[in-house]
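First comes the structure, then the notes that go with it.
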């Protein structure tokens, strides 16, 4: 079990620690609902240093990224980030990731913690272009400072204007007394804020200064459990649940990051799938009575016939109702369709809705 550079701090704060993706991670501090509300209404900090970082550089860096990623990274300017995925050869997804253009011929790929080794092997296996690859995952820490008060509370820690960084852009600048920190206007909560990339030996200083600066704004540490409820309210996919080796990006509603203006892994077959149409789709649904949908619950129609499966589900802290994502047959995927979630042999009414669940 790996620790992050801040594990001792989480333990001293009384966090509930559990294994996640091979790391000892803080799941909650004061409770999921309270932490969720902190991020929706003020500002909270997640230690997500378990995420993986690969530095891809050299004259053919872009060519390699274009080859293995579904989105078109040629549109990236320095200081911009892009959401993408790594398609496999069988119509599924190796992982989803964020691509940062650091410099000309230099990119940072940020991948899911559970897939670091798998992704590294996959990209390496396609690197017949002499591209320089460095796995920085064990050397870097990542803090997500999220919430509507993130900009205001953190501005004193940097000489750059945080409010001027557009969504999915980043700056390499000073932050909390440390130079050359990546300050990225990205996140997984839908409530705004930043992700801060720094070296492991810098993160404790940054953590401490972040909490000093945020004290007047009600800043709190937030665990992975609230991270999950926050992302689900926005309908953001979680790898291993909503997308996987067996789900195509088109089925998952990720056609917008699947660009057929270039060739990439399995692009020909995915293009055929797009032209023919998918047979199932990832949908969002709300429970019509008080019930909590869970991963792997069956989705059925009015006759009781199984039409799909729940991939993510929770009781929404912001809305006070059961919400979820799941795959269903295309015939049952339209917004406002009536479906049922099979919960302990009872078929409980639900309705297909448009994302996001949470609207500010």
Margin query: I'd like to know if region 329-340 contains one or more residues that are under 25 Å from residue 225 (Cα atoms) and in contact with a strand residue (DSSP E or B) (Cβ under 6 Å, 6 or more places away or on another chain).
Written below: no
Check: What number of residues in region 94-121 are buried (at least 18 other Cβ atoms within 10 Å of the Cβ) and touching a helix residue (DSSP H, G or I) at 6+ places or on another chain (Cβ under 7 Å)?
Finding: 5
Next item on the list: State all residues of region 279-307 that are within 24 Å of the chain's Cα centre (by Cα) and in a loop (DSSP other than H, G, I, E, B); if no residue qualifies, say none.
Entry: 292, 293, 294, 295, 296, 297
Next item on the list: Inspect region 69-83 for any residue being in a helix (DSSP H, G or I) and without any contact (Cβ under 8 Å) to a residue 40 or more places away in the chain and give the result as yes or no.
Entry: yes
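From the list 225, 213, pick out the single residue that is outside the structural domain of residue 311 (by TED's automatic domain parsing), modelled with pLDDT of 95 or more and touching a strand residue (DSSP E or B) at 6+ places or on another chain (Cβ under 6 Å).
None of the others qualify; the one that does is 225.
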Check: If you go through region 33-43 one residue at a time, do you hit one that is free of Cβ contacts under 8 Å to residues at least 60 places away in the same chain and either outside the structural domain of residue 225 (by TED's automatic domain parsing) or assigned to a loop (DSSP other than H, G, I, E, B) (or both)?
Finding: no
Item checked: Test: residue 52 is at positive phi and touching a strand residue (DSSP E or B) at 6+ places or on another chain (Cβ under 8 Å) -> no
Next item on the list: Please tell me if residue 173 is part of a strand (DSSP E or B) and either out of contact with any helix residue (DSSP H, G or I) (no Cβ under 8 Å at 6 or more places or on another chain) or closer than 30 Å to residue 217 by Cβ (or both).
Entry: yes
Next item on the list: Would you mind stating whether residue 248 is crowded, with 20+ Cβ neighbours inside 10 Å, at pLDDT 95 or above, under 30 Å from residue 38 (Cα atoms) and in contact with a helix residue (DSSP H, G or I) (Cβ under 7 Å, 6 or more places away or on another chain)?
Entry: no
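Among the residues of region 180-228, write down those that are part of a loop (DSSP other than H, G, I, E, B), surrounded by fewer than 23 Cβ atoms within 10 Å (Cβ to Cβ) and under 21 Å from the mean Cα position of the chain (by Cα).
Matches in region 180-228: 185, 186, 188, 190, 192.
The values are calculated or read from the model by the stated rules, or taken from the named source; none is laboratory data. Computed from a predicted structure; not experimentally measured. Every residue, glycine among them, receives a Cβ derived from its backbone with ideal geometry; neighbour counts consider all protein chains shown.
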